[in-house]
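**Q** First, the structure itself, so that you have it in front of you.
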Amino acid sequence: MGHALPTLTLFCGLPGSGKTTLARRLEAEGHGVRLATDEWQDCIGIPYSDAERHERLQATLYRPALVLLRRGVDVILEDGLWMEGERTEKFADARSCGALIDLHVFEVDYDTLWERLRERNKQSPSGAAPITREQLLTAWCLFQPVSDEKLKRIDSYTRHHGGLD
């Protein structure tokens, strides 16, 4: 009997788009080990405002993700992957580990994102970074959508519009 290839599940979306909700659901359904930088950051007491340590933690968590993939374990990497370069790196790394790529693309309009974030900020859930309107606008301007050409190069993808489909 053949051995199934591991899957790297990735997310492309801005804050408030539904990445964490879906990642938790996929983890609960047994689709892999979930790694979420924001939750680890909260757990070990790194302030959300500390972008440098956030990036270092993100890189630190990514290393065992690759080890798990090489050992045949499915991984759910809960990062936003706003930039094309980040996605290119993750796709190449997945391939070098012999893994399939499953990408969830969140296409949610700005007003919906802001309403969700305002509500989330009021609730202050553990592991959720508070986001200001200015931070969302900055992210909105930096965000690079996934090209159709890039989607053709991966194994599977799902587009989510305004909510979890």
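The values are calculated or read from the model by the stated rules, or taken from the named source; none is laboratory data. Quantities reported herein were computed from a predicted structural model and do not represent experimental measurements. Reconstructed Cβ throughout: ideal geometry from the backbone, glycine too, with neighbour counts over all protein chains shown.
**Q** Pick from segment 82-116 the residues that are among the basic types (Lys, Arg) and out of contact with any strand residue (DSSP E or B) (no Cβ under 7 Å at 6 or more places or on another chain): which of them is modelled with the lowest pLDDT?
**A** Arg116
**Q** Please go through (1) touching an Asp or Glu at 6+ places or on another chain (Cβ under 8 Å); (2) in contact (Cβ under 8 Å) with a residue 40 or more places away in the chain for Leu66 and return the number of the only condition it doesn't satisfy.
**A** The number of the failed condition is (2).
**Q** If you take the residues in segment 107-162 that are of a type in the set (A, V, I, L, M, F, W, C) and in contact with an Asp or Glu (Cβ under 7 Å, 6 or more places away or on another chain), which one is nearest to Ala4 (Cα to Cα)?
**A** Selected residue: Ala128.
**Q** So, one more: So the check is Cβ under 6 Å with 6+ separation or different chains; which pairs have a first residue in segment 88-106 that's surrounded by 14 or more Cβ atoms within 10 Å (Cβ to Cβ) and among the acidic types (Asp, Glu) and a second one that's at pLDDT 95 or above and not in a helix (DSSP H, G or I)?
**A** Matching pairs, first to second residue: Asp102/Thr7; Asp102/Thr9; Asp102/Ser156.
**Q** Condition first: touching a helix residue (DSSP H, G or I) at 6+ places or on another chain (Cβ under 9 Å) and of a type in the set (Gly, Ala, Ser). Can you find one or more residues in segment 42-56 that meet it?
**A** No - not one qualifying residue is present in segment 42-56.
**Q** Among the residues of segment 43-52, are any touching a residue at least 60 places away in the same chain (Cβ under 8 Å) and of a type in the set (Val, Ile, Thr)?
**A** No: segment 43-52 contains no residue that is touching a residue at least 60 places away in the same chain (Cβ under 8 Å) and of a type in the set (Val, Ile, Thr).
**Q** On to the next question. Does at least one position in segment 133-141 carry a residue that is among the β-branched types (Val, Ile, Thr), outside any helix (DSSP H, G or I) and within 30 Å of Arg153 (Cα to Cα)? Walk me through it before giving the result.
**A** So the first thing to find is which residues in segment 133-141 are among the β-branched types (Val, Ile, Thr), and the list is 138.
With the extra rule that they be outside any helix (DSSP H, G or I), the set shrinks to none.
Within segment 133-141, none of the residues are among the β-branched types (Val, Ile, Thr), outside any helix (DSSP H, G or I) and within 30 Å of Arg153 (Cα to Cα).
**Q** If you don't mind, another one. Please pick out the residue among Asp50, Asp42, Asp79 that is within 15 Å of the chain's Cα centre (by Cα) and either at pLDDT below 95 or more than 24 Å from Thr112 (Cα to Cα) (or both).
**A** Asp79
**Q** Within segment 33-48, identify whether any single residue is under 30 Å from Leu137 (Cβ atoms), among the charged types (D, E, K, R) and buried (at least 21 other Cβ atoms within 10 Å of the Cβ), and answer yes or no.
**A** Yes: one or more hits.
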